[in-house]
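Following: one structure in structure tokens, then a few remarks.
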Amino acid sequence: WLRKTLVDQREHGLSSSEAAIGAEPASRDRQFGDDDVAAVRRECKRVMDAVQEVYGRWRFPVTFGAGHQIAYYWDKERNWFAFWPHSPAIETDYRKAVEVVLDLAKGESWPPLRLYALDEAGAHNLLDEAVYYYGFAKQQWPQLTTWTTIGGGIAMGHDEIGRLSSVVDYLTTNRFSPEIARALVDREKPYGVYNGCGSTPAGARFFFGFYGWKTGAEQITQWAY
């Protein structure tokens, strides 16, 4: 199924498919043990092997997630993530989980990695948590590029770009305006745009074509579930 999906995307013109990989535990005991290490290595390798089989040698940075079931969990009532209180135990597991992916990437000769710690933090009143964990990552792995999504928080009046710029290298936004463009360009770092094509073929061609080119974005992405 994974390979068929990737082939379908490739044959419809996508130049890459950034399939989801991450340092997510297999168990839910809140201890990142040997079973979790093995599961993370197995799943990340399975996905990346399929991606490279379909698209050839991967030419782009590899974005991977870390934090789910380590620092936060899915809260059904909120219909979004909720964080456990900060603790040395969580940071130890977080460090261990990220190191598993870093070690695998080195052994597999993957391109450089980008760490994705939290989705759309500003839109869900989680900017403080995003700043905390991205800051923790920068302290632990200063050479590792950090990556996150923004836009919903901007629409709600939050200064996502200002709050995250010190700890996140690469911002990708689902909102774009002259003001947002200037703020992103002023950072003098690459940025991306995502989720803008709508439901029509014409919208997709415009978003992934002329619109994407005009934004100056390095990466143009559409989420798929």
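Treating the Cα atoms of the stretch 19-70 as identical point scatterers in vacuum, please give the log10 of the normalised Debye intensity I(q)/I(0) at q = 0.13, 0.21, 0.27, 0.28 Å⁻¹, two decimals.
So the normalised log intensities are -0.35, -0.75, -1.02, -1.06.
Restricting everything to alpha-carbon atoms, can you work out Rg to Rh for the stretch 164-225 with a Kirkwood hydrodynamic radius?
Checking Rg against Rh, the ratio lands at 0.99.
Over the chain, calculate the relative contact order: mean separation of alpha carbon pairs under 8 Å at least 6 apart, over the residue count, as a percent.
It rounds to 13 percent for the chain.
Could you tell me which of the pairs 106/138; 96/138; 138/189; 45/96; 96/189 are separated by over 23 angstrom between their Cα atoms in the structure shown?
Table pairs above 23 Å Cα-Cα are 96/189.
Ignoring everything except DSSP H segments at least 4 long, calculate the 222 nm mean residue ellipticity for the chain; use -39,500 (n - 2.57) per segment, divide by total residues, nearest 500.
Helix-only estimate at 222 nm: -12500 deg cm²/dmol.
Based on the Cα gyration tensor of the stretch 76-154, what are the three equivalent ellipsoid semi-axes, each the root of five times an eigenvalue, rounded to whole Å and given largest first?
24, 16, 12
Whole-Å semi-axes of the stretch 1-111's equivalent ellipsoid, largest first, each the root of 5 times a Cα gyration tensor eigenvalue?
Working from the Cα gyration tensor, I get semi-axes of 28, 17, 11 Å.
Counting each pair of different Cα atoms once, what's the Kirkwood radius of the stretch 52-117 in Å, rounded to one decimal?
Averaging 1/r across every pair of different Cα atoms and inverting gives 13.7 Å.
For the stretch 169-193 and the stretch 77-152, what is the separation of their Cα centres, given in Å?
Cα centres, the stretch 169-193 to the stretch 77-152: 20 Å.
Students often get this wrong: which residues of the stretch 40-69 have the backbone nitrogen under 20 Å from the point 7 angstrom along Cα-to-C-beta of residue 109?
44-63
Taking θ = phi - 60°, what integer Hz values does the Karplus form 6.51 cos²θ - 1.76 cosθ + 1.60 yield along the stretch 110-125, in sequence order, with x for Gly and Pro?
Coupling constants for the stretch 110-125: 6, x, x, 9, 10, 8, 10, 9, 6, 8, 6, 4, x, 6, 10, 6 Hz.
Please give the peptides 177-188, 66-77 ranked by average Cβ packing (other Cβ atoms within 10 Å per residue), highest first, as a rough proxy for protection.
Packing order, densest peptide first, comes out as 66-77, 177-188.
Taking N as the number of residues in the stretch 89-222, what is its Cα Rg relative to 2.2 N^0.38 Å?
1.13
If you restrict to DSSP beta bridges whose two residues both lie in the chain, what percentage is antiparallel, to the nearest 5?
15 percent
When you count, for each residue, the other Cβ atoms within 10 Å and take the mean per peptide, how do 102-112, 79-89, 154-164, 117-127 rank with the highest first?
117-127, 154-164, 102-112, 79-89
I'd like to check one number: the per residue accessible area of the chain, probe 1.4 Å, reported in Å² as a whole number.
The answer is 54 Å² per residue.
How many percent of all Cα-Cα pairs in the chain sit more than 24 Å apart?
The proportion of pairs with Cα distances above 24 Å equals 47 percent.
Kirkwood Rh over alpha-carbon pairs of the stretch 142-195, then Stokes-Einstein at 20 °C and 1.002 mPa s: what D in µm² s⁻¹, rounded to an integer?
Value of D from the Cα-based Kirkwood radius: 191 µm²/s.
The values are calculated or read from the model by the stated rules, or taken from the named source; none is laboratory data. What you see is a predicted model; the values in this text were computed from it and never measured. As a convention, Cβ positions derive from the backbone with ideal geometry for all residues, glycine included, and neighbour counts pool all protein chains shown. Ligands, DNA and RNA are stripped out before the accessible areas are found, and what is left, the full protein with its side chains, is counted by its heavy atoms. Shrake-Rupley method; radii C 1.70, N 1.55, O 1.52, S 1.80 Å.
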